[in-house]
Amino acid sequence: MTEQRRAVRPVDTVKHAESTPDVQQPYAELGLKDDEYARIREILGRRPTDAELAMYSVMWSEHCSYKSSKVHWHYWKENTTDEMRAPILAGIGENAGVVDVGDGWAVTFKIESHNHPSYVEPYQGAATGVGGIVRDIIAMGARPLAVLDPLRFGAADHPDTKRVLPGVVAGIGGYGNCLGLPNIGGEVVFDASYQGNPLVNAMCIGAMRVSDLHLAHASGTGNKVILFGARTGLDGIGGVSVLASETFSGEEGGTGRKKLPSVQVGDPFTEKVLIECCLELFAERIVVGIQDLGGAGLSCATSELASAGDGGMRVELDRVPLRAEGMTPAEILSSESQERMCAVVRPEDVDAFMRVCAKWDVIATEIGEVTEGDRLVITWHGETVLDVPPRTVAHEGPEYHRPIERPVDQDILQANSPELLARPTTPDEIRDTLLTMIASPNLASREWVTSQYDRYVRGGTVLSQPSDTGMIRIDEETGRGVAAATDCNGRFVKLDPYTGTQLALAEAYRNVATGGAMPLAVTNCLNFGSPEDPGVMWQFEQAVKGLAEGCKQLGIPVTGGNVSFYNQTGSTAILPTPVVGVLGVIDDVRRRIPTGIGAEAGETLILLGETREEFGGSEWAHVVHGHLGGLPPKVDLARERLLAEILIAGSRDGLISAAHDLSEGGLAQALVETALIGQTGARIILDPDQDPFVQLFAESAGRVLVAVPRTEELRFTEMCTARGLPWRKTGVVDPVSEALQIQDIATFPLAELRRAWEGTLPALFDVKRHHARFTPSRQAAVEPKAAFGAIKAAHGTLVPPR
Amino acid sequence: MKLGVITFPGTLDDVDAARAARYADAEAVPLWHGDADLRGVDAVIVPGGFSYGDYLRAGAIARFAPVMGEVIDAARNGMPVLGICNGFQVLCEAGLLPGALVRNHRLHFVCRDQWLRVEDTSTAWTTRYEPGAEILIPVKNGEGAFMADEATLDMLEGEGRVVFRYAGENPNGSRRDIAGIRSADGRIVGLMPHPEHAIDALTGPSDDGLGMFLSAVDALAPA
């Protein structure tokens, strides 16, 4: 059947293209502009074949070529000093950034977006987003260790959010859990601007020995190109299917073809096996170069491998194992079938390579080899269907200087200050506001989401949600570990993209330090509206500039990133959402700082940093007044740096028993969370000289609430004073009361707070609500100390190891 | 003391099980699904994960793996075997333990810290616990609801073969709150929660799970 079809289908060879220069090609349908198509003809000196057109169109797409954003990359370069560059082993341009974290360990990390597929098909869109980022990490030679998922959805109570959110969460869990990767963090944020365009970003962290770093390039003439993993099918072909219909309309091949969804379908089991197979291949040192197949599939993998190497490449496309009949060369090149990798292997290692693949039941096929010269040549049953200079595909795509213009209504937005909004003044009003706030969708417990993710697998997770940062141990001997956090408040970015992005950076940086880790490097996922809108490009440029300059002030480099444009519903763009991910390192994870209070017998609560009357873009203005206007909080990166140093010193010297970052919802939110997570009450005494409402709900940056053992209080506060960090004793931990008491305002029993905080997401998203969800049970949020008290008595015979 | 840890394609918690064995001062010996060879181990752990992708039905394919033939024979001769999560599903599919595990009642994967009551401290895997002890270990599964017909459930209860029961809220709809059961001779234990994730308070909710591995080491020690 397949053979028969091939026989009747004309394949557009290079020879055919040369002889038919005037054939009309559907480049516009493939997203290429007139001048881009003209440039391809100029590069090739003829019209492109179908396969070439497919390859250029997908590689020159915004997603693959960064054509609207790369003119702004100079900001990274200008703001990265040699000192900042020192720990970078691989940076922008590689599959993922790699940094040296000490003791011979290298850590690689990256965030990518899978926004649009996740709106169309939430489960598979989110699942394959995880799969793709994990393969990027493997392609660096690292073992993937953990994932984080920054998510944005439309209004929590919108009916379509009930379709999108549960699907996305189940997809991330379904894929990530099956891969055996702990999920250690991320975000869940609701805002109406994401209604028709949720953001599903996925971050992965991997580790390897420094000596095992693999970079994606094809070097060494005669080396073999091996495609391994899943078969190639018709899924995820998207726009390229127009080639089939245009070229073959009316013929047998064009009809009766089952149209498959353009969202790819993932198989995590195949990926899990592929991961283990790759790691074994790396261990045997038989891989010269490796590249994952993600967006743009083989088009991307072959052109990028060839472009980055020192020779050309020849590929016999008819050798690619397929799972659909009658696929055209263009379709095979563009297919985004998941769970595939492409490796370059020395001829003498091919047998060993195949043996490892066979052990893991992974299909592996030699599809070509590295050649002399600088052409990527692809044949189909002996005939050349593609013959291009690979750099023109992968690295020398179009570049646009899109118009940039500050939106005319930006001043109106900033002038619309939150100062005039009605505020709670009496203790009862403040009490009600606090309960409303902690139950609001953006501040309520994320347990409903995070409990669907495995956070324990592989036994290295030291901190995960609801902690400020995720943290994993990478070396069991030394206890060395890494921490990671992602953050972005899109409302702050909307009000002032430059400052808002620095606030995102500051928060992620602070979160990592709050766990006791030293921030080391930055990645990002820049989610914006249409680059063709000058106002969006203004936001974008401001964000990149703000991030780059902010990183310089903090002294940590940007090692990579991802750009996602065209995030909008109709002509309305999402809140600009440059998600910033910060990676940190900790020498010994046993010194990590937990989030919940009550671990020590007597603890003092100290608020580090200054609280100002800052409500622009705040959660309070959003929840209570539906207001967005004014200016975001002030950002002071020198202060953030000092704060991080104090936290890290406190962790190292055992001066801090718990810490929690203040962000959305302010001090009130931090107090409630730290008490509920620690299952311990506290007594709070606010500053008599400042409005209690401002103290509790302002969102000033640069603040962390710490619990300090009573015995270390003086040492700690003297350190803060000596180094010039403002601090204020805010209260004491109260292990007896089972309540959060805010003096002169109200006393909140922990059970009441827990009902408010934990009830919201289950009420919104549980399919069946036949259980008494609001009854706090003792396992609702269990802390070690609770366990230990109960257990030690029960099995006194258990002796600790070591 | 050698504790074998099986790896099927798709097994995830083998590294954790091996670590738990080491923490209990046993030697962890990796066992490969395709090899009909137990490599001289004294006991076997069938760890959690998604063996063979859990396609068809959780554990249904794994039970036919060459290594499982050896495990079944050895278990019938009294070798201690522990099935955790997917491993419990495999032991049920292999006929070493009665009943089956089905989809959670709330229809989605759940990962949380869970209290268990130790109901039977006579097995090869639970002698280190006091009868009735409550232990805190993670549960994480999508298909963890223990199911059997009433007669089988009555038989398990009557013979004292319910080893662990969920204390407090039942996370997945298991019949009679059953979290783990044993074979008639007490050598084979299967449970859905993950003791290997609770061997150190740094990385788990407690170190309560370690007792299971220490129990096995005790059971195997020459008297």
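Just one residue in the set B:143, B:157 is within 13 Å of another protein chain (Cβ to nearest Cβ), outside any strand (DSSP E or B) and on the phi < 0 side of the Ramachandran plot; that residue is B:143. Filtering A:546, A:529, A:560 for residues that are surrounded by 23 or more Cβ atoms within 10 Å (Cβ to Cβ), of a type outside the set (A, V, I, L, M), within 20 Å of the chain's Cα centre (by Cα) and part of a strand (DSSP E or B) leaves a single hit, A:560. Residues of region A:427-455 that are at the interface with chain B (Cβ under 10 Å from one of its Cβ atoms) and in contact with a helix residue (DSSP H, G or I) (Cβ under 7 Å, 6 or more places away or on another chain): A:447, A:448, A:452, A:453, A:454. In the set (1) farther than 30 Å from residue A:231 by Cβ; (2) touching a Lys or Arg at 6+ places or on another chain (Cβ under 8 Å), the condition left unmet by residue A:365 is number (1).
For region A:431-451, residues that are buried (at least 24 other Cβ atoms within 10 Å of the Cβ) and either more than 18 Å from residue A:186 (Cβ to Cβ) or out of contact with any Asp or Glu (no Cβ under 9 Å at 6 or more places or on another chain) (or both) total 3. Before we move on, is residue B:206 among the polar types (S, T, N, Q) and more than 10 Å from chain A (Cβ to nearest Cβ)? Judged against the criteria, residue B:206 is not a match. Looking only at residues in region B:27-41 that are out of contact with any Lys or Arg (no Cβ under 7 Å at 6 or more places or on another chain) and of a type in the set (Gly, Ala, Ser), the one that is farthest from the other protein chains (Cβ to nearest Cβ) is B:36.
Yes or no, residue by residue, for (1) free of Cβ contacts under 8 Å to residues at least 12 places away in the same chain; (2) closer than 25 Å to residue B:126 by Cα; (3) within 14 Å of another protein chain (Cβ to nearest Cβ):
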site	(1), (2), (3)
B:43	no, yes, no
B:55	yes, no, yes
B:64	yes, no, no
B:69	no, no, no
B:77	yes, yes, no
B:82	no, yes, no
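When the strands (runs of 3 or more DSSP E) confined to region B:1-78 are screened for residues that are buried (at least 23 other Cβ atoms within 10 Å of the Cβ), those reaching at least 3 such residues are found at B:2-7, B:43-46. Residue count for region A:456-482 under the criterion of being under 22 Å from residue A:705 (Cβ atoms), modelled with pLDDT of 95 or more and within 14 Å of chain B (Cβ to nearest Cβ): the result is 6. If the condition is being without any contact (Cβ under 8 Å) to a residue 12 or more places away in the chain and under 30 Å from residue A:592 (Cα atoms), then region B:203-223 contributes B:203, B:207.
The single residue among A:146, A:156 that is buried (at least 24 other Cβ atoms within 10 Å of the Cβ) and either outside any helix (DSSP H, G or I) or more than 14 Å from every other protein chain (Cβ to nearest Cβ) (or both) turns out to be A:146.
Can you say whether residue A:395 is out of contact with any Leu (no Cβ under 9 Å at 6 or more places or on another chain) and surrounded by 12 or more Cβ atoms within 10 Å (Cβ to Cβ), as far as the supplied structure shows? Yes, satisfied. Answer yes or no as to whether residue A:490 is more than 24 Å from residue A:147 (Cβ to Cβ) and away from every other protein chain (no Cβ under 14 Å). Against the criterion (more than 24 Å from residue A:147 (Cβ to Cβ) and away from every other protein chain (no Cβ under 14 Å)), residue A:490 does not qualify. All conditions but one from (1) away from every other protein chain (no Cβ under 14 Å); (2) surrounded by fewer than 24 Cβ atoms within 10 Å (Cβ to Cβ); (3) over 15 Å from residue A:294 (Cβ atoms); (4) in contact (Cβ under 8 Å) with a residue 12 or more places away in the chain apply to residue A:101; the one that does not is (2). Is it the case, given these coordinates, that residue B:164 is more than 8 Å from every other protein chain (Cβ to nearest Cβ), crowded, with 23+ Cβ neighbours inside 10 Å, farther than 23 Å from residue B:3 by Cα and touching a Gly at 6+ places or on another chain (Cβ under 8 Å)? No; evaluated as a whole, the condition is false for this residue. Quick check: is even one residue across region B:185-200 at the interface with another protein chain (Cβ under 7 Å from one of its Cβ atoms) and surrounded by 19 or more Cβ atoms within 10 Å (Cβ to Cβ)? Scanning region B:185-200, I find at least one residue that is at the interface with another protein chain (Cβ under 7 Å from one of its Cβ atoms) and surrounded by 19 or more Cβ atoms within 10 Å (Cβ to Cβ), so the answer is yes. On inspection, residue B:14 fails the criterion of being facing another protein chain (nearest Cβ under 8 Å) and under 22 Å from residue B:212 (Cβ atoms).
Considering region A:227-241 alone, what residues qualify as being surrounded by fewer than 24 Cβ atoms within 10 Å (Cβ to Cβ) and either at pLDDT below 70 or over 28 Å from the mean Cα position of the chain (by Cα) (or both)? Correct list: A:238, A:239, A:241. Annotation note: of B:49, B:59, the sole residue that is without any contact (Cβ under 8 Å) to a residue 60 or more places away in the chain, within 11 Å of chain A (Cβ to nearest Cβ) and within 23 Å of residue B:103 (Cβ to Cβ) is B:49. Residues that are of a type in the set (A, V, I, L, M) and either farther than 21 Å from residue A:166 by Cβ or part of a loop (DSSP other than H, G, I, E, B) (or both) were ranked within region B:95-115; the one that is nearest to the other protein chains (Cβ to nearest Cβ) is B:107. Restricting attention to region B:124-140, the residues that are more than 27 Å from residue B:49 (Cα to Cα) and either more than 9 Å from every other protein chain (Cβ to nearest Cβ) or β-branched (Val, Ile, Thr) (or both) total 1. For the list (1) touching a strand residue (DSSP E or B) at 6+ places or on another chain (Cβ under 9 Å); (2) closer than 28 Å to residue A:278 by Cβ; (3) in contact (Cβ under 8 Å) with a residue 24 or more places away in the chain, I need the number of the one condition that residue A:358 fails. Against the list (1) touching a strand residue (DSSP E or B) at 6+ places or on another chain (Cβ under 9 Å); (2) closer than 28 Å to residue A:278 by Cβ; (3) in contact (Cβ under 8 Å) with a residue 24 or more places away in the chain, residue A:358 comes up short only on (3).
Test residue A:638 against the stated conditions and say whether it is among the aliphatic types (A, V, I, L, M) and more than 14 Å from chain B (Cβ to nearest Cβ). The answer is yes for residue A:638.
The values are calculated or read from the model by the stated rules, or taken from the named source; none is laboratory data. In this text, all values refer to a predicted model and were calculated from it rather than measured experimentally. Counting neighbours? That spans all protein chains shown, and the Cβs are built from the backbone with ideal geometry, glycine included.
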